[in-house]
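Just below is one structure, and these are the notes that go with it.
The values are calculated or read from the model by the stated rules, or taken from the named source; none is laboratory data. Worth saying up front: this structure is predicted, and the values here are computed from it rather than measured. Cβ sites come from the backbone with ideal geometry, for glycine too, and all protein chains shown count toward neighbours.
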Amino acid sequence: MAGTAVRGRLTWQTATVGSVTDETPRVRTLLLEVPDWAGHRAGQHVDIRLTADDGYQAERAYSIASAPGEPLAITVERLDDGEVSPYLTEDLQPGDSLEVRGPIGGYFVWEPAFGGPLLLLAGGSGVVPLRAMLRCRASAGSSVPTRLLYSSRSWDDVIYRAELDGLSDGVEVIHALTRSQPPGWTGYTRRVDQQMLAEVAWPAAEQPLAYVCGPTSFVEAVASGLVGLGYPAGRVKTERFGATGQ
Amino acid sequence: MKALDDYALDGNAIGGLLIEVFGTEMTTATGTCAHCGAVSVVAELAVYRPGLGTVVRCRSCDAVLMTFVQIHSVTCVDLQGLASLA
């Protein structure tokens, strides 16, 4: 059965790395060429599997960074004690191959028909699936009012910085820099807290739709904060990365 | 619903594993805890992947709902903690 991807079933496929782009010193985007990629929705992920020479396998889930209709791309943050991410961010070169399966997930997805106003909340590399949603919104010509509140350690750790800087047309990006800030910084200088959410979040009366993604501690704090502001739990979609040192 | 500890993932992370086991997308399915009766969408359940396998816990009472252990290409599944999954 190897090498045959049955449509509608989840099978491991061989992907070829098309290009690599450094986003920050610790984060890299990999363009993956998968024959017969069936397409994906904004917010979905893929599983990546690496096999060592002795047969040991390690598997991780990575959010898809590209919009529906774009080639498959993932953005990976290097975790110093990670089994998989150091290889993906330091060793893998264009032309190399790895195993991938997907797309996966039906919960943490957004499409223009879901409407908004849209509130996106990212901690660190949790911005990756939200970036796919922003690109999806743009490519669909959606006018849904959108805010992204994005928490990073420092300005140099902001993933997709140039792309986010260039957004307009109904999208506001609000940064919080938790550890260090560039000279002249006038934005938030602390972790996302209840006061910040109250300042940034759309009023609950506007029936916003929220997507929260990042380290588990970030998601727990933000999701409960939004519920505290009157957001129904069912309008707050969450995806947790575990403990990633954010 | 209790706050998750820093090391917990959620049900999104095992979407691929669940398709492998059940043959369909399951993160939007609803599970009912056999211990306390709490109802939750699978994507919101607490997931721990300590290496040997995967443990899925109830967000209300911490009971083990599902366990998956993979040995070579065989996945052993224990769903006894669930009263229903649909």
Item checked: Pick from region A:1-25, criterion modelled with pLDDT of 95 or more and among the charged types (D, E, K, R), ranking: farthest from A:E90 (Cα to Cα) -> A:E23
Next item on the list: Might you let me know whether region A:41-54 holds any residue that is more than 14 Å from chain B (Cβ to nearest Cβ), within 30 Å of A:Y231 (Cβ to Cβ), among the charged types (D, E, K, R) and within 17 Å of the chain's Cα centre (by Cα)?
Entry: no
Margin query: Considering only residues that are surrounded by fewer than 16 Cβ atoms within 10 Å (Cβ to Cβ) and at positive phi, which ones fall in region A:39-55?
Written below: A:G39, A:G55
Checklist line | Residue, surrounded by the most Cβ atoms within 10 Å (Cβ to Cβ), within region A:214-234, restricted to residues that are at the interface with another protein chain (Cβ under 10 Å from one of its Cβ atoms) and either of a type in the set (S, T, N, Q) or not in a helix (DSSP H, G or I) (or both) | finding: A:T216
Next item on the list: Could you tell me whether region B:44-55 includes any residue that is within 8 Å of chain A (Cβ to nearest Cβ), in a loop (DSSP other than H, G, I, E, B), without any contact (Cβ under 8 Å) to a residue 24 or more places away in the chain and closer than 18 Å to A:F241 by Cα?
Entry: no
Notebook entry, point to check: List the pairs whose first member sits in region B:8-22 and is at the interface with chain A (Cβ under 7 Å from one of its Cβ atoms), whose second member is of a type in the set (F, W, Y) and crowded, with 24+ Cβ neighbours inside 10 Å, and whose Cβ atoms are under 8 Å apart, counting only residues at least 6 apart or on separate chains?
Noted result: B:L9/A:F241; B:N12/A:F108
Checklist line | Failed item in (1) closer than 30 Å to A:G55 by Cα; (2) crowded, with 21+ Cβ neighbours inside 10 Å; (3) over 13 Å from the mean Cα position of the chain (by Cα), with B:L4 passing the rest | finding: (1)
Note to self: For the list (1) more than 23 Å from A:Y211 (Cβ to Cβ); (2) out of contact with any strand residue (DSSP E or B) (no Cβ under 8 Å at 6 or more places or on another chain), I need the number of the one condition that B:L18 fails.
What the structure shows: (1)
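Rundown of residues vs (1) away from every other protein chain (no Cβ under 13 Å); (2) under 17 Å from A:V27 (Cβ atoms); (3) within 15 Å of the chain's Cα centre (by Cα); (4) buried (at least 20 other Cβ atoms within 10 Å of the Cβ), yes/no style:
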{"position": "A:W155", "(1), (2), (3), (4)": "yes, yes, no, no"}
{"position": "A:G170", "(1), (2), (3), (4)": "yes, no, no, no"}
{"position": "A:P182", "(1), (2), (3), (4)": "yes, no, no, no"}
{"position": "A:E206", "(1), (2), (3), (4)": "yes, no, no, no"}
{"position": "A:V212", "(1), (2), (3), (4)": "no, no, yes, yes"}
{"position": "A:V236", "(1), (2), (3), (4)": "no, no, no, yes"}
{"position": "A:R240", "(1), (2), (3), (4)": "no, no, yes, yes"}
Check: What about A:A73, is it assigned by TED's automatic domain parsing to the domain that holds A:G18, within 22 Å of B:N12 (Cα to Cα) and not polar (S, T, N, Q)?
Finding: yes
Note to self: I'd like to check something: does region A:57-72 contain any residue that is surrounded by fewer than 21 Cβ atoms within 10 Å (Cβ to Cβ), within 22 Å of A:G242 (Cα to Cα) and of a type in the set (V, I, T)?
What the structure shows: no
